[in-house]
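The values are calculated or read from the model by the stated rules, or taken from the named source; none is laboratory data. All values reported here derive from a predicted model rather than from experimental measurement. Methodologically, a virtual Cβ is constructed for each residue, glycine included, from the backbone with ideal geometry; neighbour enumeration extends over all protein chains shown.
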Amino acid sequence: MSASSLVKRQRKRRRIDQDGDPEFQVAPMVDVLLVLMLFFMAITSTEVLKKEKNLHLAEANHAKPDDKNQDKQKNQLVVNVSWDNGSSSAGFSMDGLRYPTADALQSVLASRHQQNPLAYVLIRADKDVEYSNISDVMSAAAAAGIATVSFAVITNPAKMAASSGSASN
């Protein structure tokens, strides 16, 4: 080993010892934060599209609670059925897109079921929706080849009202 390389090592050691702490690298931290931000934005937008804010779900005190299994939620095809009191008609939406009738959903449900054979339909119907409209959604799901249909309801309205001031979904 040459004397010059030995001197360089000693200078390097002294420089580290004199500074105390090694320099903090900001660039890798910014990269990590950006990746986390993109991840949470992607998840949040997916969940928001599935729920309609103005939908008032029916109350069911004795309903069986759904488990929050992530794999099961990936297989959900959420269909929102809203009710317009002014025109006395139902509105159908899925993933933020509106459909004029439940039959118009059939082709979308069929293609989603073809992509994911474990897919099932979760109906989020307004409490004022007529049963015939819900039946139309179930018929569209059956015609698309989807055999499993479940319903979203408020399971404990008194608890929800006490915690948030009003029953919300």
Worksheet item: So is VAL153 among the β-branched types (Val, Ile, Thr), surrounded by 14 or more Cβ atoms within 10 Å (Cβ to Cβ) and at pLDDT 90 or above or not?
Response: no
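Take the residues in region 90-131 that are acidic (Asp, Glu) and surrounded by 14 or more Cβ atoms within 10 Å (Cβ to Cβ); name whichever of them is farthest from VAL153 (Cα to Cα). Write out each step before concluding.
Kept after step one, since they are acidic (Asp, Glu), are these residues of region 90-131: 95, 103, 126, 128, 130.
Next, only the ones that are surrounded by 14 or more Cβ atoms within 10 Å (Cβ to Cβ) stay: 103, 126, 130.
On the way: ASP103: 23, ASP126: 9, GLU130: 15 Å.
So, considering only residues that are acidic (Asp, Glu) and surrounded by 14 or more Cβ atoms within 10 Å (Cβ to Cβ), the one farthest from VAL153 (Cα to Cα) is ASP103.
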Worksheet item: So which residues in region 65-89 are of a type in the set (Lys, Arg) and either buried (at least 19 other Cβ atoms within 10 Å of the Cβ) or modelled with pLDDT of 75 or more (or both), if there are any at all?
Response: LYS74
Discussion item. I'm checking my understanding of the structure. Among residues of region 12-56 that are among the acidic types (Asp, Glu) and modelled with pLDDT under 60, which one is nearest to ALA125 (Cα to Cα)?
Written reply: GLU47
